[in-house]
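Here, each number is a calculation from the coordinates, and none is a lab measurement. Model, not experiment: these values are computed from the prediction. Positions of Cβ are generated from backbone atoms using ideal geometry, with glycine treated the same way; all protein chains shown enter the neighbour counts.
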Amino acid sequence: MNRTFSRQELYDLVWSTPILQLADQFGISDRGLAKTCERFHIAVPGRGYWAKIEAGLPATKTPLWKTDNSAFQTIEIGGAQHRGNPQLAFAAKAEQDAVLAAGAEPATKVKAPVVRKPVAETEAVNETPAPVTFEAVKRPHSVVVGIVLELRNAILDRDGEISIKGVRIHKDSRARTIAFLHHLALALEARSVSLGQDNNGLKAEIAPDAIRFEILEGRSLEKHDPTPSELRKQLEYERRQDLARRRGQWLPHESFYPEYDYHYSSKLSFEVHNWADGARKKWSDGKRQTLEGVLESIADGVLYHLHFDKARREKREEDERRWQHMARRRELQTRRADREQKRILFLGELAAYQKEAEELKVTIANATAVIAQGEPEYRRMIEWAESRLAYLEAQNALGPLTANLKSQNLFPENDELFDPEGDPP
């Protein structure tokens, strides 16, 4: 049964229902549905996502990459797609946007020069075309010149391996890797992405966001087959070792050939390190395709991962801003609570002074009537009471009271502790 969805609708479906169940409802394979999502740049849940959901644990949900490209807006599941490859349409749109952003007129995309193996005379014309390769590059793109110099000057190990930051290949694949890097730099440049290298390896960057990737050649570990020269050296050592043993001497152990060798397959792979969950992160040579043949798909994938990385960074920054904002509000709340306690204490002391002053006035008035009959101690008590009353009345006077309030900043005109959002939860 054919089904037609928008990108947002299909995105909501694959993140609300396991892809196996969803594919079964559509009557297609789960791999076919995943490939459809990949073509339209819709991330799918990664391994372990549904297990975390079932366990009630937090699980990261990859956001949907927004695009205005019309080739992405409608997706037909279970039927033929008649609108062409949306990734290629997106690549053309991305390049045109990059050119316009640079203030130039849109230019026609220049395809990288390719070499195809000649078709044998006995082969039919309609046979599957040979895998795409690039011609050797004499003047590499400026952004990869440093990488190219490293590749050309690298010291080979005993298996002929070249290993620099971000690249591990056999020496026979050096020219091919240089050509691929050159054309990858051009493809990324058309998407406003810069290619480079630092201490962590190869990177693609739209500042300040960057993703790491590496180019590797497949290899296998096989038992070493000793050469006649290596066998002769071993036999000579064993003869000397036997002679030394008869003389009661000991010879240190020596190895004349490795136990295993690395054998390289000539098949290259391109793999993104800090990838977007659920999105494609690896491209490899296959039976009918090469990395060169999927260069546009790789460049689109790199751009997608960069957009995801940007969204992830912006979310982290937004979360940090929210955390700081909430921390500031809670700090203000704590300081307001402290000030309320000081206000209560200040008013309590003021009320106590006023009450004590009223009581002293009554006491002094009553004592004055009999002061002539009192002893000197009694008169001195009344004098102290009058002095105490003067102090209390001074504390309750408007001038000293206002000065005291200002010094403690208990009721400011412009309240720096005011929170327009109220008390935080």
With all distinct Cα pairs included, what does the Kirkwood hydrodynamic radius of region 253-295 come out to in Å, to one decimal, could you say?
-> 13.6
Region 1-51 to region 371-387: how many Å between their Cα centroids?
-> 98
Tilt, helix 30-39 to longest principal axis of the chain (alpha-carbon atoms), in degrees rounded to tens, equals 80
Mean Cα-pair separation over length for region 1-84, i.e. relative contact order, pairs under 8 Å, 6 or more apart, % = 46
Could you estimate the translational diffusion coefficient of region 268-353 from the Stokes-Einstein equation, with Rh from the Kirkwood formula over C-alpha pairs, at 25 °C and 0.890 mPa s, in whole µm²/s?
-> 137
Of the labelled options (i) 28.4; (ii) 19.8; (iii) 50.1, which one gives mean projected area of the Cα convex hull in nm² as computed for this structure?
-> (iii)
Provide the FRET efficiency to the nearest 0.05 for the Q354-Q324 pair, computing r from the beta carbons and using R0 = 30 Å.
-> 0.10
Seen from all sides and averaged, what is the projected area of the convex hull of the Cα atoms in region 361-408, in nm²?
-> 4.0
Per 10 Å bin, what is the whole-percent P(r) computed from every C-alpha pair distance within region 166-280?
-> 11, 27, 21, 14, 13, 10, 4, 1
Per residue, what volume in Å³ does the convex hull of the Cα atoms of region 1-84 enclose?
-> 86
Summing -39500 (n - 2.57) over every DSSP H run of at least 4 in the chain, dividing by its residue total and rounding to the nearest 500, the 222 nm mean residue ellipticity is -16000 deg cm²/dmol
Cα Rg, Dmax, region 266-425, angstrom units | 38.1, 126
In degrees, nearest ten, helix 86-101 long axis to first principal axis of the chain (Cα) = 60
Regarding region 28-67, what is the average projected area of its C-alpha convex hull, in nm²?
-> 3.5
Could you rank the peptides 160-173, 226-239, 294-307 by their average count of other C-beta atoms within 10 Å per residue, with the highest value first?
-> 294-307, 160-173, 226-239
Quick one: check the C-alpha center-to-center distance for region 193-211 versus region 319-360, whole angstrom.
-> 53
Packing rank of 246-256, 32-42, where each peptide gets the mean count of other beta carbons within 10 Å, highest leading = 32-42, 246-256
Please report the relative contact order for the chain, taking Cα pairs under 8 Å with a sequence separation of at least 6, and give it as a percent rounded to a whole number.
-> 13
